[in-house]
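Novice: One structure, as structure tokens, below. Some questions next.
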Amino acid sequence: MPMQDALLSALIEIFAWQNFLAMVVGVIGGIVVGALPGLTATMGIAILIPLTFTMEPLIALGMVAGIYNGGIYGGAIPAILLGIPGTSSSIPTTFDGVPLARRGDAENALRVSAYSSAIGGIASGVALLILAPPLATVTLLFGPAEYFWVAVFGMCSIAVLLGDDAFKGLISAAIGLLIGTIGIDSVSGHERFTFDIFYLTGGFDFIVLLAGLYGIPPAITLAQTAASSAIASSGLSVTRAKTRFRDWKSLVPTWIRSSTIGIVVGVLPGVGGTMAAFLSYNEARRADPDPSSFGKGSYKGLAASECGNNADNASSLIPTLTLGVPGNAVAAVIMGAFLVQGLQPGPAMFRSEPVLVYAFILQMIMTAGMLFFLGGMIALRVFAPVLRLPPALIAPVVICLSVIGVYTIQNSIFDIYALLGFGVLGYLLQATGFPLAPVVLGLILGPMAEQQLRLALIIARGDFVAISTSAVSLIIISLILVVLAIPLVRFVRGHIVRNRSRTR
Amino acid sequence: MKKLLGLTLAAGLMLPGAAMADWPAGQPINLVVAYSAGGGTDILARTMVPFLERYIEGARFVVVNRPGAGGEFGFTESANATPDGYTIGFVNAPAFLTLPYERQTRYTFESFEPIANLVTDPASLIVRADSNIESLEQFVAYAKENPNALTVGQQGYGGSMHLSLEAMLRSAEIEVTQVPFPGIPPASTALLGGHIAANMWGLGEAAPLAKEGAIRVLGVMARDRVALYPDAPTFAEQGYDLFSGSDRGFAAPAGTPQEIIDTLGAAIERTLQDPEFLAAAEAQFLPLNYMGPAEYKAYLGELNQQIGQLWETNPWR
């Protein structure tokens with residue numbers, strides 16, 4: 001069947017009311033799951049899979065697509081309202097989301113994030129639809145050596161993100177790297193920093209760290225306010241915005257840039273939406289005529305983060321659908337959803353079940369589009385009123401949700417203790433002015449860099465030069481040099497200008 | 001309601017013999033999976049549950065994922081649970097057998113009462129479809145001439161594919177560079193992208209890609225050609241008597257009443273004959289291989305002994 005025919009049949013199929021309803025339910029469910037700290041889209045889909053066993057394939061896949069897109073967007077809601085990112089890919093959303101909410105623009109911020117997520121998601125879906133085969137070949141260019149350099153690139157972008165106090169930022173990143181070394185080393189199988197404690201052999205899941213660092217300290221702060229002001233409103237309420245944000249045109253370049261970054265990062269297995277969000281935030285700030293406005297409530301920063309992390313969604317499925325190789329945890333779970341339906345993802349699926357594959361891709365686009373309507377609405381109607389509750393109520397609710405979410409990862413009580421421990425760590429770090437984002441990125445990228453470097457060295461038989469000579473490696477290495485050079489150039493130039501003004 | 005609660009409490013307090021008569025009424029049976037939700041073992045578990053509930057009257061199953069530490073968390077949990085039939089687990093051999101040799105685990109092989117084997121995925125040596133190496137013979141010849149020049153992916157030291165690869169290297173008297181990837185997907189992209197020369201994989205994972213024409217299977221460590229991909233030659237056909245792979249089955253904590261073990265074993269056997277389940281298994285490329293309680297126990301015992309000998313002579317860690 002030619003692609004156009006398959007597409008047309010697929011389009012008709014997904015508008016059947018059951019399939020449409022499945023997408024709506026999936027998106028709403030995904031937003032709720034994503035918005036609760038500690039619960040992720042991956043988990044939502046994993047829990048859904050056994051239920052889809054008896055469903056029609058398109059109903060099941062429609063729900064999966066909805067949960068995926070909804071879940072990644074959902075992370076933005078608590079990120080903006082409470083400064084607690086629902087998923088690690090919404091950490092950069094807090095940078096500008098929180099200042100916006102503080103100055104009473106939460107409603108606008110939620111709307112901008114919903115629209116940006118929708119646009120990123122749609123762009124990614126379109127890329128999956130028309131560019132899947134060429135992008136799949138990009139995936140294959142990346143072996144362990146190339147992934148090592150990607151991880152280094154990610155860590156250098158942390159260095160750029162460090163902000164005002166580079167020293168404190170580096171210490172934060174080092175804490176993340178250190179936490180990342182705990183557990184069984186996957187290459188040699190030896191235990192590191194486990195101190196014969198059984199539970200440490202598995203290492204720490206980054207969701208535990210995320211929920212601990214970002215979920216617990218705001219709850220402690222809220223509790224402190226509650227203690228001092230008795231039962232009163234948290235003062236964080238979402239009032240109707242005085243001025244409605246209308247300057248959508250100013251966000252168009254950010255959307256284009258962030259969508260591109262998200263799509264490209266998505267194609268690389270294992271890199272994921274977190275890096276997409278950070279990179280697109282960085283790029284947006286660098287391209288902006290007024291970079292200092294970032295972190296103080298810039299709509300562009302908010303749009304970059306949310307557009308970037310959703311633009312990763314569909315494109316991260318490209319290796320799964322075209323090669324049958326899942327690139328990350330979400331993709332692996334979605335591949336499971338296909339397998340349960342008796343569908344083996346891979347090029348053969350495009351030949352044997354073209355209507356179904358195209359219908360799923362269209363469902364990815366459609367569910368992203370639904371964020372335009374459902375995203376802002378659920379955020380404002382369901383979650384924003386939470387802020388009208390007194391802090392004495394919000395604090396325990398946040399802690400409860402974090403505990404439940406963390407427990408569901410691997411049904412482990414130890415993870416709850418770890419969550420509370422990380423909560424205390426996060427509180428202390430924040431109180432002493434250490435940034436939290438580098439800790440999380442360090443835990444995500446550190447083990448990736450180490451593992452890939454060691455695999456690359458095994459393959460190259462210990463030859464350090466050989467792991468840097470492929471064309472892809474060279475391109476990434478030059479990007480690393482550029483990223484590292486920019487602050488240096490800026491510093492030197494600033495120095496010269498200052499010296500000149502002094503001599504005059 | 002109160003009466004029901006009283007009954008449940010009473011049932012819980014009764015002697016094992018009496019409690020057994022009630023099993024599986026009253027509470028759900030936890031099925032511990034030592035890997036994450038959405039993975040191969042998890043999907044198999046969740047696919048099985050409705051059939052087991054159909055064949056054991058009154059039984060309800062709950063899949064509990066306890067991933068981490070290469071499966072050790074999950075295996076420890078099912079080994080150390082109360083042996084009342086309300087907690088059973090998936091055991092993945094040889095992974096659950098090698099761990100106690102490698103480190104101080106909180107369980108041993110003897111902590112388990114094997115129930116039944118479900119799936120045996122034979123190890124297979126694969127190369128990319130456009131590789132110059134077209135047969136096992138050529139692979140061995142090349143490796144003999146260029147020791148350690150071939151890079152072969154496996155899924156971690158002590159894992160099933162590592163042990164299968166070791167067996168092949170000893171049998172053929174060759175040396176290769178082993179690359180321990182963290183799981184199948186990264187090994188897969190590395191092979192398809194030409195970053196490594198070959199992979200040691202379960203045939204269940206290799207068959208879909210082989211049918212695509214993306215990879216070539218040089219040999220399968222099974223006694224006969226495997227139905228889900230009969231094009232692949234066995235190692236035995238090519239002069240190497242190697243039979244190795246990974247097994248997935250059910251086990252209960254040691255001390256679980258034999259009657260419960262037998263009931264579960266029978267239900268699993270009936271599930272593996274159910275046409276509806278067979279269709280699902282075929283779609284998931286699962287090479288089914290039923291072994292009942294006695295046979296499975298003997299099989300695992302022998303495997304455990306072999307691993308012990310290997311660890312004595314050639315510890316991989």
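The values are calculated or read from the model by the stated rules, or taken from the named source; none is laboratory data. This structure is a prediction, so every number in the text was calculated from the model and none was measured. With ideal geometry, Cβ positions are generated from the backbone for all residues, glycine too; neighbour counts draw on all protein chains shown.
Novice: Could you check region A:31-51 and list, in sequence order, the residues that are of a type in the set (Gly, Ala, Ser) and under 14 Å from the mean Cα position of the chain (by Cα)? Let's see the steps before the verdict.
Specialist: As a first pass, look at region A:31-51 and keep what is of a type in the set (Gly, Ala, Ser): A:34-35, A:38, A:41, A:44, A:46.
A:34, A:35, A:38, A:41 - these are the residues of region A:31-51 that are of a type in the set (Gly, Ala, Ser) and under 14 Å from the mean Cα position of the chain (by Cα).
Novice: Assess whether residue B:38 counts as being at pLDDT below 85 and either buried (at least 24 other Cβ atoms within 10 Å of the Cβ) or more than 10 Å from every other protein chain (Cβ to nearest Cβ) (or both).
Specialist: On the way: at pLDDT below 85: yes; either buried (at least 24 other Cβ atoms within 10 Å of the Cβ) or more than 10 Å from every other protein chain (Cβ to nearest Cβ) (or both): yes.
Taking the combined requirement at face value, the residue satisfies it.
Novice: Same structure, new question: When you go through A:185, A:205, A:96 one by one, which is the residue that is in contact (Cβ under 8 Å) with a residue 60 or more places away in the chain, within 14 Å of another protein chain (Cβ to nearest Cβ) and under 28 Å from residue A:406 (Cβ atoms)? Walk me through it before giving the result.
Specialist: Working: A:185 fails: in contact (Cβ under 8 Å) with a residue 60 or more places away in the chain; A:96 fails: within 14 Å of another protein chain (Cβ to nearest Cβ).
None of the others qualify; the one that does is A:205.
Novice: Please name all residue pairs, on different chains or six or more residues apart, with Cβ atoms under 8 Å, provided the first residue is in region A:384-395 and is under 18 Å from residue A:104 (Cβ atoms) and the second residue is of a type in the set (S, T, N, Q) and in a helix (DSSP H, G or I).
Specialist: Within 8 Å, the pairs are A:391/A:225; A:391/A:229.
Novice: Among the residues of region A:108-149, how many are within 14 Å of chain B (Cβ to nearest Cβ) and of a type in the set (D, E, K, R)? I'd like the intermediate steps shown before the answer.
Specialist: Narrowing region A:108-149 to residues within 14 Å of chain B (Cβ to nearest Cβ): A:133, A:135-149.
Within this subset, residues satisfying the condition of being of a type in the set (D, E, K, R) are A:146.
Qualifying residue count, region A:108-149: 1.
Novice: Does region B:22-53 hold any residues that are without any contact (Cβ under 8 Å) to a residue 40 or more places away in the chain and over 17 Å from residue B:95 (Cβ atoms), and which are they?
Specialist: Correct list: B:22, B:25, B:26, B:37, B:38, B:46, B:49, B:50, B:53.
Novice: Taking region B:95-106 on its own, how many of its residues are within 14 Å of chain A (Cβ to nearest Cβ) and within 15 Å of the chain's Cα centre (by Cα)?
Specialist: Here is the first cut: in region B:95-106, the residues within 14 Å of chain A (Cβ to nearest Cβ) are B:95, B:98-106.
From what is left, the residues that are within 15 Å of the chain's Cα centre (by Cα) are B:95, B:98-99.
Summing the residues that are within 14 Å of chain A (Cβ to nearest Cβ) and within 15 Å of the chain's Cα centre (by Cα) in region B:95-106 gives 3.
Novice: Name the residue, out of B:31, B:97, that is in a strand (DSSP E or B) and at pLDDT 90 or above.
Specialist: Only one candidate qualifies: B:31.
Novice: Out of (1) more than 24 Å from residue A:135 (Cβ to Cβ); (2) modelled with pLDDT under 85, the odd one out for residue A:327 is which?
Specialist: Unmet for residue A:327, out of (1) more than 24 Å from residue A:135 (Cβ to Cβ); (2) modelled with pLDDT under 85: (1).
Novice: Consider region B:64-94. How many of its residues are assigned to a strand (DSSP E or B), small (Gly, Ala, Ser) and closer than 18 Å to residue B:157 by Cα?
Specialist: Residues meeting the conditions: 1.
Novice: Check off (1) within 9 Å of chain B (Cβ to nearest Cβ); (2) buried (at least 24 other Cβ atoms within 10 Å of the Cβ) for residue A:302 and give me the number that stays unchecked.
Specialist: All conditions are met except number (1).
Novice: Go through (1) within 30 Å of residue A:149 (Cα to Cα); (2) in a helix (DSSP H, G or I) for residue A:496 and report which single condition fails.
Specialist: (1)
Novice: Additional query: Can you tell me which of A:347, A:319 is within 14 Å of chain B (Cβ to nearest Cβ) and crowded, with 24+ Cβ neighbours inside 10 Å? Can you show your working first?
Specialist: Numbers: A:347 fails: crowded, with 24+ Cβ neighbours inside 10 Å.
Sole residue among the options that is within 14 Å of chain B (Cβ to nearest Cβ) and crowded, with 24+ Cβ neighbours inside 10 Å: A:319.
Novice: Would you confirm whether or not region B:224-244 contains a residue that is within 24 Å of residue B:71 (Cα to Cα), among the hydroxyl-bearing types (Ser, Thr, Tyr) and buried (at least 18 other Cβ atoms within 10 Å of the Cβ)?
Specialist: Within region B:224-244, the first condition is being within 24 Å of residue B:71 (Cα to Cα), and the residues that meet it are B:243-244.
With among the hydroxyl-bearing types (Ser, Thr, Tyr) added as a condition, the list becomes B:244.
From what is left, the residues that are buried (at least 18 other Cβ atoms within 10 Å of the Cβ) are B:244.
Yes - at least one qualifying residue is present in region B:224-244.
Novice: So which strands (runs of 3 or more DSSP E) are wholly in region B:119-210 and hold at least 2 residues that are within 12 Å of another protein chain (Cβ to nearest Cβ) and within 23 Å of residue B:100 (Cα to Cα)?
Specialist: B:177-180
Novice: A further question follows. Do we have residue B:248 as touching a residue at least 60 places away in the same chain (Cβ under 8 Å), outside any loop (DSSP other than H, G, I, E, B), among the basic types (Lys, Arg) and within 30 Å of residue A:448 (Cα to Cα) here?
Specialist: yes
Novice: Name the pairs: first residue in region B:273-285 and surrounded by 14 or more Cβ atoms within 10 Å (Cβ to Cβ), second residue among the small types (Gly, Ala, Ser), Cβ to Cβ under 6 Å, at least 6 apart or on different chains?
Specialist: Final answer for the pair search is B:283/A:342; B:285/B:204; B:285/B:207.
Novice: Would you point out which residue out of B:61, B:51, B:109, B:75 is more than 13 Å from chain A (Cβ to nearest Cβ) and either surrounded by fewer than 23 Cβ atoms within 10 Å (Cβ to Cβ) or not β-branched (Val, Ile, Thr) (or both)? Write out each step before concluding.
Specialist: On the way: B:61 fails: more than 13 Å from chain A (Cβ to nearest Cβ); B:51 fails: more than 13 Å from chain A (Cβ to nearest Cβ); B:75 fails: more than 13 Å from chain A (Cβ to nearest Cβ).
So the residue among B:61, B:51, B:109, B:75 that is more than 13 Å from chain A (Cβ to nearest Cβ) and either surrounded by fewer than 23 Cβ atoms within 10 Å (Cβ to Cβ) or not β-branched (Val, Ile, Thr) (or both) is B:109.
Novice: So, one more: For region B:278-293, give me each residue that is farther than 16 Å from residue B:247 by Cα and modelled with pLDDT of 90 or more.
Specialist: Scanning region B:278-293 gives a single hit, B:278.
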